[in-house]
Amino acid sequence: MSRENTRQQVVLLHSNDIHGDFAETVRDGIRTGGLPLLSGLLQEIRHSGEEMIYAIAGDMFMGSIIDREYRGLSTIKLTNALEPDVFEIGNHEVDYGLSHLLFLEKCAGFPVICANMYIKELNRRLFLPYADVVRAGIRFRFIGLLTESIADRIRQEELVDTAVSVRPAAAELAKVFEETAEDPADVTIVLSHLGIEEDKQLAEVLDPAWNVSFIIGGHSHTFLREPVVVNGIPIVQAGTGSGQIGRFDLTFDKRHRLSDWTWQLMSVNEQTSVEDPLMTFYHDRFQAETDRKYDQTLFTMPCEYTHPGFHRETQLGDLFADIYQAIFRTDIFFLSTNVIWAKRLGPAVTRRDLMLSFPYENEVFEMSMSGERLMRLIRHVYRKEAWEGANIFFLFSGAWKIRVRAEDKELLDVSFEDRAPVYDRTYTVGITGYAWKNRQLFLGIGEEEIGDSIRLRQLAANDREAMEQYFASCTQVILHREGRLTAQ
C-alpha cells in the first residue's frame, strides 16, 4: 500500500456569531452571506465525497427580526437545516431566558455543549460538556466553553440567577480531561465562546498532556486571516455574520495522528456557493410572516437622530430617556446607553426599526429617594471610571442638567427644571431591570438601603409593550434639550 493511501483527509468548517444574519447582502456588487448561500456551500462540500465536520461556536441568536419574533425557535429550525455536528452555546443564546434555552435545546437536531455552566446546588452541568464526532474512522472531541460574562444576563432571571453558575473555563477544561482520561479521543478541539483574548490566556495554561489540537473561538467577532498560535496551539475565529466561514483541511496518518493541517477564512458569496433551495424556502417563509407585521411605521421624527457611542451623550440616548420618563412619569429616568443598538434612527421609524434598536425586553422600576440620596447616586453614576468605559454609561431625561469638570469628572452642579435639587424632597427615579440587578456596581446602592432610605416598586414587566402603547398615541417624536450632560 502506498504512503498516500494510508493518509486520511477531513475538512473541518466552523462559524461563530452569525447573530441572525440570515439574509444575504450585496457587497461590491456580489451577493454575500445569508443562510441559503451558507447552506449551499456546506451541501456542496458534503456531497463532494469529502469527509466533513461543521461546528458552530455560539451566538446564532439575536440580531434579526425573525429570531426575535419567534424567540429563537425559528433560529433553531434554520440551524437544523444547516446540519451542524456540534454547537457550543454563546451568551446570546440565553437572551430569551435560560429556561427557554433548555426548551430550544430539545428542538435542536444537533448536540448542544457547554462544560462550564452548572446547577449550583446539584453540582451538575446544564449541558453536555463535550461531543464526539467520527469521520474517516477518526474520533474528534469538541469541548465547549462559555464566557463567564453570561452571568450578568442570567442574574436578570428570577429564581434562575441564584441557582446557576458559570465556572472558570480553564478549571472546567481540566475537569473534562480528568473525567475522560480513560477514554481519549484521537483529536481534541476546544469550541470556545470566550473571546480571542481569553482564548489566548486559555492556551497559555493548557497542559501539553491534554493534546489539544486547536481552539475554535467566538464572542469577540474577530476576523483572522491566519491562526494565532499561542503555546503551540492554533486559535481561529471567523468574525461575525454569515459572509464567511473558517475551513481546516486536516491530514491524518494511518494511526489517526494529525500529520498536517491548513486553515483559511473562506468567503460565502454567489461566486463560492449556490443557494440551497430548501433553506431559501424556510428563510423566505419566516421573512414574509415578519414583514407583514413589522414594516408598518410606528412614529416619525423631524430628522434622523444618531447614537454614535456608548460613553457620551447622544441624541437617541436623550430622546429615549425622555420617552421612558414620559411613559413612566418619574422625576428622572436613567437609561443605559448600551440598551440602544441603533447608530441612527428616523425620520420614519417602523416596528422593525424599533425592535432592532431595542432588541431586549426590560423590566422597569421606580425608586423613591431624597434629593440628598439622589445627589449621591448621580456622583456615583458619573464618576471617572464610568466615563472611561469601565462601566455602563447612563443618560437621563431632559428636565435635568448635570455638569462635571472635564479633567477629573468631579460633579460641579445639578439642576432640575433650572433649580438646584431640594435635599429633603422625595424624588422618583426610573431605571431598567439590568441597572436594578446590578445596583451596587452601577448605582452605588447597597442592600441595606432598600426599604429604608430607598423605596422600590415595579412599573412594568416589559418596556417594549409600554413603548408601543405610547407610540400608538404619539405618532411624532421630537428631541428637546440637548446638551444636558456636559464636561467643562
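What follows draws every value from the coordinates through simple rules; no lab data is involved. Since the model is a prediction, treat every value here as computed from it, not as a measurement. Cβ atoms come from the backbone with ideal geometry, glycine included; neighbour counts cover every protein chain shown.
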For this session: Over the Cα atoms of the stretch 321-478, compute the convex hull volume and normalise it per residue, giving Å³.
Result: 125 Å³
Exercise. What ³J(HN,Hα) values, in whole Hz, does the Karplus curve 6.51 cos²θ - 1.76 cosθ + 1.60 give for the stretch 453-470 when θ = phi - 60°, with x put for Gly and Pro?
Worked result: 8, 10, 9, 10, 8, 7, 9, 7, 8, 8, 5, 5, 4, 5, 5, 5, 5, 5
Seminar exercise, completed: Residue separation between D418 and E178 times 0.36 nm, minus their alpha-carbon distance, gives in nm 79.9 nm
Seminar exercise, completed: Working note, the stretch 408-488: Cα radius of gyration (Å, one decimal) and Dmax (Å, whole number) are 16.5, 43
Seminar exercise, completed: Here the net charge surrounding G444, from other residues whose Cβ is less than 11 Å away from its Cβ (Lys, Arg +1; Asp, Glu -1), is +4
Exercise. Using bins 10 angstrom wide from zero, how does P(r) for the stretch 284-398 break down, in % of all Cα pairs?
Worked result: 13, 38, 32, 14, 4, 0
Exercise. What is the calculated FRET efficiency for R376 to I45, with r their C-beta to C-beta distance and R₀ = 56 Å, to the nearest 0.05?
Worked result: 0.40
Exercise. Against the longest alpha carbon principal axis of the chain, how many degrees, from 0 to 90 and to the nearest 10, is the axis of helix 35-47 turned?
Worked result: 10 degrees
For this session: Considering only DSSP beta bridges where both residues belong to the stretch 4-290, give the percentage that are antiparallel (nearest 5).
Result: 60 percent
Problem set entry | Other-chain or far-sequence residues with amide H under 5 Å of L128's (modelled H) | C114
Problem set entry | Inter-centroid distance (Cα atoms) of the stretch 313-380 relative to the stretch 207-230, Å | 39 Å
Exercise. Out of (1) 4, 18, 25, 23, 17, 9, 3, 1, 0, 0; (2) 4, 20, 29, 26, 14, 5, 2, 0; (3) 4, 16, 22, 21, 17, 11, 6, 3, 0, 0, which label holds the value of P(r) over Cα pairs in 10 Å bins from 0, in percent that was computed here?
Worked result: (1)
Problem set entry | Compactness of the stretch 4-290 - radius of gyration and Dmax, Cα, Å | 18.4, 59
Problem set entry | Charged-residue dipole, Cβ positions (Lys, Arg, Asp, Glu), the chain about Cα centre, Debye nearest 20 | 480 debye
Seminar exercise, completed: Note on the chain: contact order normalised by length, alpha-carbon pairs under 8 Å, 6 or more apart, percent, works out to 15 percent
For this session: Kindly provide the helix-only [θ] at 222 nm of the chain, computed as the sum of -39,500 (n - 2.57) over DSSP H runs of four or more divided by all residues, to the nearest 500 deg cm²/dmol?
Result: -8000 deg cm²/dmol
For this session: Check cross-link reach from K409 to the lysines: straight Cα distance under 22 Å, and skip same-chain residues fewer than eight apart.
Result: K384, K401
Seminar exercise, completed: Once both label points are put 7 Å beyond Cα along the C-beta direction, the A487-A108 separation in nm becomes 4.1 nm
Exercise. Amide H to amide H under 5 Å from A460: which residues, 5+ apart in sequence or cross-chain, H placed 1.01 Å off N in plane?
Worked result: V364
Exercise. Hey, which lysines would be in cross-link range of K106, C-alpha to C-alpha under 27 Å, not counting anything within fewer than 8 residues on its own chain?
Worked result: K77, K120, K175
Seminar exercise, completed: Tilt, helix 73-82 to longest principal axis of the chain (alpha-carbon atoms), in degrees rounded to tens, equals 20 degrees
